[in-house]
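Right, one structure below, let's go through it.
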Amino acid sequence: PLTSDEIIAKEKSMMDEKRFKHCIGVSKTARKLAKLNGYDEDKAALAGFVHDYAKQIPVADYVQAIKEEGFDPDLLNWSRAIWHGIVGAYFIKRDLQIADPEILTAVNRHTTGDKEMTTLDKIVFVADFIEPGRDFPGVEEARETAFADLNAGVGYELAHTLEYLAEKRAKIYPRTLEAYNVWAVSAD
Ligand code: DGI
Ligand code: FE
Ligand code: FE
Ligand code: FE
C-alpha cells in the first residue's frame, strides 16, 4: 500500500487548491462524526480525505473506465457529478491502492446516498455536506441536525439536495430518489 504521505501527494496532484481544502475539511468532519457515533476515527478520516479524489479526472478517462471496467452502461447518460462517486471508487482503488470495501462503498455512495447505508457511508455523505468550508442557506441547521443525530443529518441532506435539483430542473439519479424515500420521508 501507499504511505499516507504518498496518498496525500497523489491526491493533491489531482485537484485544485479549493477542492483539496474541501477534502481536508471533510476528513476532519468525518473524524468528528465518527467519534460522536462510535466509529473508527482514522478510517472515517481517510474515507473523507479521498472521497473527491476523482472529481477532476477528465471525462474521456471516465468514459473509458465505464466502458472497459464493467460499469453499468447507463452511467454514460450521466456526468462527473454522478461518476466521481461511483466510478471514483474504482480510480481510488487503482491509483491510491485503497482496497478496503467499506471505504470504497462510502466513496461510491457519497453523492447520491443509497437505500442501504452503513455508518461510514452516512459519515462521509454528511461530512461532505457540512464541512467547515460549506456555506449555503441551511448549513447551520444541517450541522446541528447531523451532530445531534446522524440519520437525521442524512435525511436533511437528501431533502435539501432533492429540492435543489428540482429547483434547477436537473435530472435526478434514481439512487438519489431511492435514498430520499428511505432516509428523508417522515412517518405517515
Ligand atoms: O463533490 P462535491 O461537490 O463535494 O459534492 P457531492 O459529491 O455531494 O455532489 C456533487 C454534485 O452532484 C452536487 O452539485 C449535487 C449533484 N447531485 C447529487 N445528486 C444528484 C446530483 N446531480 C444530479 N443531476 N442528479 C442527482 O441525483
Ligand atoms: Fe463529491
Ligand atoms: Fe455530498
Ligand atoms: Fe465533496
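At a Förster radius of 22 Å, what calculated FRET efficiency corresponds to the Cβ-Cβ distance of A166 and F136, to the nearest 0.05?
0.85
How do the peptides 61-68, 79-86 rank, highest first, by the average count of neighbouring beta carbon atoms within 10 Å per residue?
Ranking the peptides 61-68, 79-86 by packing returns 79-86, 61-68.
Please go through the residue pairs K122/K168; K43/K122; K28/K122; K12/K55 and name each one whose alpha carbons sit more than 18 Å apart in this structure.
Over 18 Å Cα-Cα: K122/K168.
Determine the distance separating the Cα centre of the range 142-186 from the Cα centre of the range 51-99; give it in Å without decimals.
That distance is 23 Å.
Would you compute the Debye intensity of the chain from its alpha-carbon atoms alone, equal scatterers and no solvent, and pass along log10 I(q)/I(0) at q = 0.14 Å⁻¹ to two decimals?
With no solvent term, the Cα-only Debye profile gives -0.75.
Summing +1 for each Lys or Arg and -1 for each Asp or Glu, what net charge is found among the other residues whose Cβ lies under 13 Å from the Cβ of E178?
+1
Only Cα pairs under 8 Å and at least 6 apart count here; give the relative contact order of the chain as a rounded whole percent.
It comes to 21 percent, rounded to a whole number.
Between E69 and L36, what is 0.36 nm times their sequence separation minus the Cα-Cα distance? Round to one decimal in nm.
Length gained, E69 through L36: 8.2 nm.
Any read-out appearing in this document is the output of simple, stated calculations on the displayed coordinates, not a laboratory observation. Computed from a prediction, not measured in an experiment: that's the story for all the values here. When we count neighbours, we look across all protein chains shown, and the Cβ atoms used for this are built from the backbone with ideal geometry, even at glycine.
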